[in-house]
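Okay, structure first, notes after.
The values are calculated or read from the model by the stated rules, or taken from the named source; none is laboratory data. Keep in mind the model is a prediction, meaning the values are calculated, not measured. Every residue, glycine as well, gets a Cβ built from its backbone with ideal geometry; the counts of neighbours run over all protein chains shown. Ligands, DNA and RNA are excluded from the accessible area calculation, which covers all protein heavy atoms including side chains. Shrake-Rupley method; radii C 1.70, N 1.55, O 1.52, S 1.80 Å.
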Amino acid sequence: MFRSLDNDSDGFVNEGLDVSEGSDDFKSSGPSSFSDRSNETKIHITRSKYNQESLFREMVYRKEPSKSFIKRKVEQINKEAIQQSILDAFPIISWLRTYSKDDFTGDLVSGCTVAIMQIPQGMGYALLANLPPVVGIYMAFFPVLLYVIFGTSRHNAVGTFAVVSIMVGKSVITYSSDYSSSDLARNAGYTSTEVATLLCFLVGMIQLIMYISRMGVLSFLLSECLVSGFTTGAAIHVFTSQVKDLLGIKLQRISGTFEMIKTYTEVYNQLTNVNIAALIMSLSTIVILLINNEILKPRVSKITKIPVPIELILVVGGTFLSKYANLPEIYGIDPVGHIPLGLPEPSIPRFDLWSELLVDSIAIAFVSYSITVSMALIFGQKYKYEIGFNQEILALSVCNIFSSMFSCLPTSASLSRTVIQETAGARTQLASFVSSILILFVLLWIGPFFEVLPRCILAGVVVVAIKGMLMKISEFNHFRRKSNRDGFVWLLTFLSVVIFSIDVGLLVGICLSVLCLFFYGINSHMCVLGNVPQTDFYLDIDKFQKAIEIPNVKIVQYSGTINYATKASFRNQLCEILKINLLKEMKQKEMSIDKNGKQSIPSSSISFNHLIIDFGPLANIDSSSIKMLTDLINDFEKLNIKISISSCTTKIYEILIKNEFKFMNMLYPSIQDAVHDTLIDHFA
């Protein structure tokens with residue numbers, strides 16, 4: 001490996017690369033021997049030795065000049081960039097340009113199905129938010145139409161969502177004079193709709209700030225296990241919200257911690273009041289849908305691409321049955337209620353209460369965004385298309401700000417409607433456009449037709465729609481088998497959502513993900529390397545028997561990052577792996593020097609006098625860590641131990657230069673170069 005000294009100025013042959021058959025140089029082999037594979041191709045490299053500075057100088061290193069953010073953006077402006085910016089801001093252009101006739105049938109059927117479902121479901125979710133039922137119909141038109149233009153998911157069905165409605169309902173109860181008897185609510189005189197529209201506007205503004213701040217990167221904290229646990233817990237909340245309609249019972253309004261446990265306790269107490277007719281209709285709806293989805297639908301798909309709009313058939317059929325069989329009067333089955341005709345007049349929200357609603361708005365903004373992105377990711381991965389995370393924030397922001405002027409509450413993707421929109425055959429957001437146009441007709445002309453639709457039928461449709469989400473509870477074992485960490489994140493996120501609330505569960509999940517990232521970031525690896533004889537390989541001596549340490553030299557490889565949180569750990573790891581106590585050794589060094597400045601006794605039992613630190617796997621280093629590294633080198637030099645640093649990437653090299661690292665001459669482009677200089681010094 002080490003060539004004999006030549007007359008070359010650097011002491012080594014400078015020839016470049018030589019590949020020859022059967023060469024005796026660098027004889028190497030597999031695990032057993034490095035000398036019995038003489039018939040294989042050998043690599044023979046001879047070159048000058050370098051340190052980092054001489055290599056960069058000879059290779060003509062060009063550091064890219066730093067530029068301001070504005071200057072970089074100006075330079076990026078060109079025709080293609082402008083076109084791409086327009087396409088990014090209006091995703092509808094992209095999918096319309098590639099739209100095919102084959103997509104239209106599915107979009108049409110899906111849009112009609114979701115439109116009919118939007119009416120009763122929107123009204124029901126409006127009631128969850130303590131708002132007039134018609135608000136849910138408005139939510140099926142205004143935000144949906146805007147999301148078609150700005151949204152990047154081709155399958156998300158936005159509008160009302162049970163979880164967001166529940167969160168809005170808590171604020172409405174607290175601050176609306178319609179429900180609260182507090183002095184604040186009574187003096188302000190806010191109606192429930194005014195509280196909801198102000199929330200909607202504030203949520204939109206918060207999401208706009210998130211978009212400007214490019215906070216879509218937060219979606220990368222939504223790991224697969226977090227999304228699965230979060231959506232499964234949210235699906236249980238949605239199922240719970242439908243239980244009273246499935247059973248045809250009345251429940252007291254419940255809120256606060258352990259809300260779900262209290263709800264099921266109340267359901268148990270009300271079992272004697274179950275409406276048998278409503279229960280039969282609910283079960284019949286569920287059975288029909290399950291038979292269609294599990295048995296008929298797979299067979300029909302082999303015959304035709306047009307899916308059977310079974311949900312639409314059930315909703316329309318249930319409406320006719322309720323109307324002509326007089327179900328509300330005879331059997332006491334609750335209908336969806338009054339649906340007024342016409343669009344609301346636009347009005348700007350009242351802002352007197354904004355400071356009191358700010359915290360609630362932040363929580364709703366993050367929950368609605370997380371739900372929307374989670375659903376978008378699920379179907380984006382299934383159908384192999386990209387989701388624009390920042391664009392999704394902008395889409396929700398535009399939807400909420402504009403819709404707040406038309407008596408709407410904050411919008412979000414709906415778990416159940418998104419699943420129905422996809423299973424009914426939707427290919428693009430044209431399905432949502434069809435849905436919003438049909439809702440417009442309903443608002444203008446035919447809304448009262450659905451007033452008698454039994455809510456128990458709607459509840460059955462919702463429950464079957466979220467069946468897939470509920471079944472994701474089995475994914476816990478899948479994540480646990482892959483990684484105990486992923487299983488832990490899934491379980492705690494799920495339990496936090498179910499036991500406490502949606503917003504608390506999301507916060508717990510994100511905090512767990514951040515903690516896991518931090519833990520794995522500081523969980524670095526360090527090992528001692530040895531040389532494989534007759535090669536330039538340096539391998540971990542604990543894992544490779546053929547790797548042999550070079551006398552008087554320690555080669556330590558570090559992988560990970562060194563920052564303010566890990567710099568102490570790096571120093572401790574290094575001392576531990578070298579089996580030395582720096583403070584003790586330095587104290588002994590001082591004690592061994594007599595009054596005349598001469599060393600009277602050996603100061604140390606350290607078995608090496610050169611230390612090479614391989615920073616090839618180093619990902620990043622910060623300024624405080626560079627100071628620690630400087631102090632560490634000074635400490636080792638006091639013990640007459642020379643330190644060399646090898647294999648720094650260009651990124652690390654530039655960071656060291658920027659922070660005025662004092663030992664740039666100790667940097668080498670490879671372990672080989674550092675070893676060469678070390679041995680030259682040793683034999684000099």
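So here's what we get for this one:
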read-out	value
Unmet requirement for VAL336, which otherwise passes all of (1) touching a strand residue (DSSP E or B) at 6+ places or on another chain (Cβ under 9 Å); (2) of a type outside the set (Lys, Arg); (3) more than 25 Å from ALA234 (Cβ to Cβ)	(3)
Residue that is farthest from HIS155 (Cα to Cα) [pool: residues in region 388-409 that are crowded, with 23+ Cβ neighbours inside 10 Å and under 22 Å from the mean Cα position of the chain (by Cα)]	SER397
Selection status of ILE420, open to solvent by 10 Å² or more (accessible area, probe 1.4 Å) and modelled with pLDDT under 90	no
Output for region 357-372, where each listed residue is within 15 Å of the chain's Cα centre (by Cα), over 30 Å from SER282 (Cα atoms) and either at pLDDT 90 or above or not in a helix (DSSP H, G or I) (or both)	TYR369
Within region 289-345, considering residues that are hydroxyl-bearing (Ser, Thr, Tyr) and open to solvent by less than 80 Å² (accessible area, probe 1.4 Å), the one farthest from the chain's Cα centre (by Cα)	SER322
Residue within region 110-131 that is closer than 20 Å to PHE402 by Cβ, of a type in the set (S, T, N, Q) and part of a helix (DSSP H, G or I) present	yes
Residue in region 519-530 that is farthest from THR561 (Cα to Cα), counting only those that are in contact (Cβ under 8 Å) with a residue 12 or more places away in the chain and under 33 Å from the mean Cα position of the chain (by Cα)	CYS527
Test: SER355 is in contact (Cβ under 8 Å) with a residue 12 or more places away in the chain and of a type in the set (S, T, N, Q)	no
Some residue of region 486-498 being under 30 Å from ILE291 (Cβ atoms), acidic (Asp, Glu) and under 24 Å from the mean Cα position of the chain (by Cα)	no
Selection count, region 298-320, where residues are among the charged types (D, E, K, R), touching a residue at least 40 places away in the same chain (Cβ under 8 Å) and assigned to a helix (DSSP H, G or I)	1
Hits in region 321-356 (condition: under 24 Å from ILE457 (Cα atoms), in a helix (DSSP H, G or I) and touching a helix residue (DSSP H, G or I) at 6+ places or on another chain (Cβ under 9 Å))	LEU321, SER322, LYS323, LEU327, PRO328, ILE330, TYR331
Residue match in region 436-445 (condition: polar (S, T, N, Q), open to solvent by less than 30 Å² (accessible area, probe 1.4 Å), on the phi < 0 side of the Ramachandran plot and at pLDDT 90 or above)	yes
Unique residue being in contact (Cβ under 8 Å) with a residue 60 or more places away in the chain and small (Gly, Ala, Ser) when the list is SER607, SER624	SER624
Within region 498-525, considering residues that are touching a strand residue (DSSP E or B) at 6+ places or on another chain (Cβ under 8 Å) and surrounded by fewer than 18 Cβ atoms within 10 Å (Cβ to Cβ), the one modelled with the highest pLDDT	HIS525
Residue that is outside any helix (DSSP H, G or I), touching a residue at least 24 places away in the same chain (Cβ under 8 Å), touching a helix residue (DSSP H, G or I) at 6+ places or on another chain (Cβ under 7 Å) and among the polar types (S, T, N, Q), where the choices are THR535, THR561	THR561
Condition met for PHE488 (out of contact with any Cys (no Cβ under 6 Å at 6 or more places or on another chain), of a type outside the set (Gly, Ala, Ser) and in contact (Cβ under 8 Å) with a residue 24 or more places away in the chain)	yes
Residues that are of a type in the set (A, V, I, L, M, F, W, C) and either crowded, with 22+ Cβ neighbours inside 10 Å or touching a strand residue (DSSP E or B) at 6+ places or on another chain (Cβ under 9 Å) (or both), drawn from region 423-433	ALA424, ALA426, LEU430, ALA431
Scan of region 134-171 for residues that are over 25 Å from the mean Cα position of the chain (by Cα), open to solvent by less than 20 Å² (accessible area, probe 1.4 Å) and more than 27 Å from PRO448 (Cα to Cα), ordered by number	SER171
Residue ID - nearest to LEU629 (Cα to Cα), chosen from residues in region 572-590 that are open to solvent by 60 Å² or more (accessible area, probe 1.4 Å) and in a helix (DSSP H, G or I)	ASN572
Failed condition for PHE351, given (1) open to solvent by less than 20 Å² (accessible area, probe 1.4 Å); (2) at pLDDT below 90	(1)
Helices (runs of 4 or more DSSP H) wholly inside region 455-497 that include at least 3 residues being open to solvent by less than 20 Å² (accessible area, probe 1.4 Å)	455-465
Filtered residue count, region 246-289, keeping only those that are acidic (Asp, Glu) and under 16 Å from GLY169 (Cβ atoms)	1
Filtered residues of region 655-684 (kept if in a helix (DSSP H, G or I) and open to solvent by 60 Å² or more (accessible area, probe 1.4 Å))	ILE657, LYS658, ASN665, ILE680, ASP681, HIS682, PHE683
Verdict on ALA188 being modelled with pLDDT under 85 and buried (at least 18 other Cβ atoms within 10 Å of the Cβ)	yes
Condition met for VAL553 (open to solvent by less than 50 Å² (accessible area, probe 1.4 Å), in contact with a His (Cβ under 7 Å, 6 or more places away or on another chain) and either closer than 30 Å to SER370 by Cα or aliphatic (A, V, I, L, M) (or both))	yes
Residue in region 531-542 that is nearest to VAL489 (Cα to Cα), counting only those that are under 40 Å from the mean Cα position of the chain (by Cα) and crowded, with 18+ Cβ neighbours inside 10 Å	LEU539
Selection status of LEU289, within 25 Å of MET167 (Cβ to Cβ), part of a helix (DSSP H, G or I), in contact with a helix residue (DSSP H, G or I) (Cβ under 6 Å, 6 or more places away or on another chain) and modelled with pLDDT of 90 or more	no
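Yes/no per residue for (1) in a strand (DSSP E or B); (2) among the hydrophobic types (A, V, I, L, M, F, W, C); (3) more than 30 Å from the chain's Cα centre (by Cα):
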| position | (1), (2), (3) |
| --- | --- |
| SER513 | no, no, no |
| PHE544 | no, yes, yes |
| ILE550 | no, yes, yes |
| ALA565 | no, yes, no |
